[in-house]
Structure formats: structure tokens, C-alpha cells
Amino acid sequence: MQLYPDYPVRSARLRLRPLGSSDTQALLAYRSQQDVCRFVPFEPMDASDIAQKLSGGWSKRAIAAEGDALILGVELAATGQLIGDIMLAFKSAEHRGGEIGWMLHPDYGGQGYATEAAHATLHLAFDQLGLHRVIARVDARNAPSLRLAERLGMRREAYLVSNEWFKGAWSDEIDLAILEDDWQAQHLAGSCPR
Ligand SMILES: CC(C)(COP(=O)(O)OP(=O)(O)OC[C@H]1O[C@@H](n2cnc3c(N)ncnc32)[C@H](O)[C@@H]1OP(=O)(O)O)[C@@H](O)C(=O)NCCC(=O)NCCS
């Protein structure tokens, strides 16, 4: 099981593509914000954090093996502006399991861009990588992220009470998932927004 996307990955309004050093300022514009990082497992980043990531894990262009994670930049097709990024991790070859995550510059929120990018990423996950199940792990307080996952057709499967000591407090986690059968049913029903 491998994923070598044909870049850019296109959706109606967006292009998904690997990140590069020319994205540093655009990434910094949202990844440095306290509010954006409130429910993610890292602190606001500075330029050197971003440079380190860009020369390490974020430089991947493909998923070649179990354990790989792909971070793709999300840009507006109309302007080329980078507005967020999206993660697809290949967790298990045996169970054909993966995980998805998303992050958007708040200036571009409320327009369905993150949902559209995540939907395009699920196409990669199911149609190209061949996953059976994709999960999202969301802090129970992160209402926009929960709504996004549910818009994608992910179902709430677990509520983990007080399971992580997270940024100074115990936090609850909601695990959501979508199966390849759910995905195919959505698309047979003609509900693909692409
Ligand atoms: C999670 C996050 C990406 C959600 O952003 P968002 O702007 O709510 O998501 P979208 O871009 O998909 O926009 C959806 C919203 O736009 C609205 N919308 C407008 N036009 C739309 C369209 N064409 N299609 C879909 N939704 C549209 C939706 O109704 C929705 O609003 P609602 O949630 O109030 O109902 C964002 O809050 C974020 O980056 N948070 C910080 C990082 C983070 O916590 N990541 C998650 C870790 S698990």
C-alpha cells in the first residue's frame, strides 16, 4: 500500500500540494497563533520550528510505507494563497488504517475550505492508498473540528474521558471514523462535492 499523489491534487476551489521553504511565512501566519494551536498537540511555532519541520517530516511527497505521514499545503486555486494544511497518516498496513488532521488560517474559516481539503484527502486515502478506515482524534471542546469531521460523514465512535494531560488540564477526546464502505456509499449516493 503506497500513495504517490499526482500534484497538485485539485478540488473545486483548492489545490493540495507538498510544502516547501517558500511557504514559511504563510505557515507562520497561522501556526504561530495561540488560538489555532489550542487543541493540537504542539505549541505555537516560530520560524525556526517551521524551518525544521520543512526540512524534516513535512518534506515528504508520498506515503511509501506504514508509519509515514503526509502533510500537504492547502492553497486557493484562484490566487495560490496557502491557507492551511492537512495531514494523512498511514497507521497500519495490516488493518489498512489511517488518520486525518486539519488546520486552517482563521481568516479563511467558515467557507468550507477545510472540509473541501479534507474531502480531497479522503479521496487519496480511500481511492489511492486503499485504506479501510480513517480516524480523526478531536478534543471534545473543539466544536468546529467535530462539525467538520461529521460533515465528512465521520461517525463518533468513542468518547475518552479525561484521557490526556493536555496543555495544563485533563482533556476529553472524541474519536471519529469513516470506513471505505461509508465512503463508497456516500459517492454512490452522489454526495461528492468535488
Ligand atoms: C478545525 C478547523 C479547520 C475548522 O475550520 P472551519 O472554518 O470551521 O471549517 P471549514 O473551512 O470546513 O468551514 C466550515 C464552516 O463554513 C461553513 N460553510 C460555508 N460555506 C461552506 C461550504 N461551501 N461548504 C462547507 N461549509 C461551508 C459551514 O457551515 C461551517 O460553519 P459551521 O461549522 O459554523 O457550521 C479550524 O477551526 C482550525 O483550523 N482549528 C485550529 C486547528 C485545529 O484545531 N485542528 C483540528 C485538530 S483535531
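Kindly indicate the residue of region 89-122 that is part of a loop (DSSP other than H, G, I, E, B) and touching a Gly at 6+ places or on another chain (Cβ under 8 Å) and also surrounded by the most Cβ atoms within 10 Å (Cβ to Cβ) among those meeting that condition. Only one residue tops the list, namely HIS105. Per the listing LEU27, LEU70, LEU14, the residue uniquely buried (at least 16 other Cβ atoms within 10 Å of the Cβ) and away from the ligand (no atom under 14 Å from the Cβ) is LEU70.
Here ASP49 passes the criteria (1) within 30 Å of ALA169 (Cβ to Cβ); (2) outside any helix (DSSP H, G or I); (3) not basic (Lys, Arg) except the one numbered (2).
Scanning region 163-194 for residues that are touching a strand residue (DSSP E or B) at 6+ places or on another chain (Cβ under 7 Å) and loosely packed, with under 12 Cβ neighbours inside 10 Å gives a single hit, TRP170. Within region 81-88, the presence of at least one residue that is near the ligand (Cβ under 10 Å from one of its atoms), closer than 18 Å to ASP6 by Cβ and among the β-branched types (Val, Ile, Thr) is confirmed.
Is it fair to say VAL36 is of a type outside the set (Phe, Trp, Tyr), surrounded by 13 or more Cβ atoms within 10 Å (Cβ to Cβ) and in a loop (DSSP other than H, G, I, E, B)? Judged against the criteria, VAL36 is a match. Number of residues in region 118-166 that are within 14 Å of the ligand (Cβ to nearest atom), among the aliphatic types (A, V, I, L, M), over 21 Å from ARG38 (Cα atoms) and touching an Asp or Glu at 6+ places or on another chain (Cβ under 9 Å): the value is 2.
Residues that are in contact with a Ser or Thr (Cβ under 8 Å, 6 or more places away or on another chain) and β-branched (Val, Ile, Thr) number at least 1 in the following strands (runs of 3 or more DSSP E) confined to region 123-182: 133-139.
Read the figures in this text as sums done on the coordinates, not as results from a lab. Because the structure is predicted, anything quoted here is derived from the model rather than measured. Positions of Cβ are generated from backbone atoms using ideal geometry, with glycine treated the same way; all protein chains shown enter the neighbour counts.
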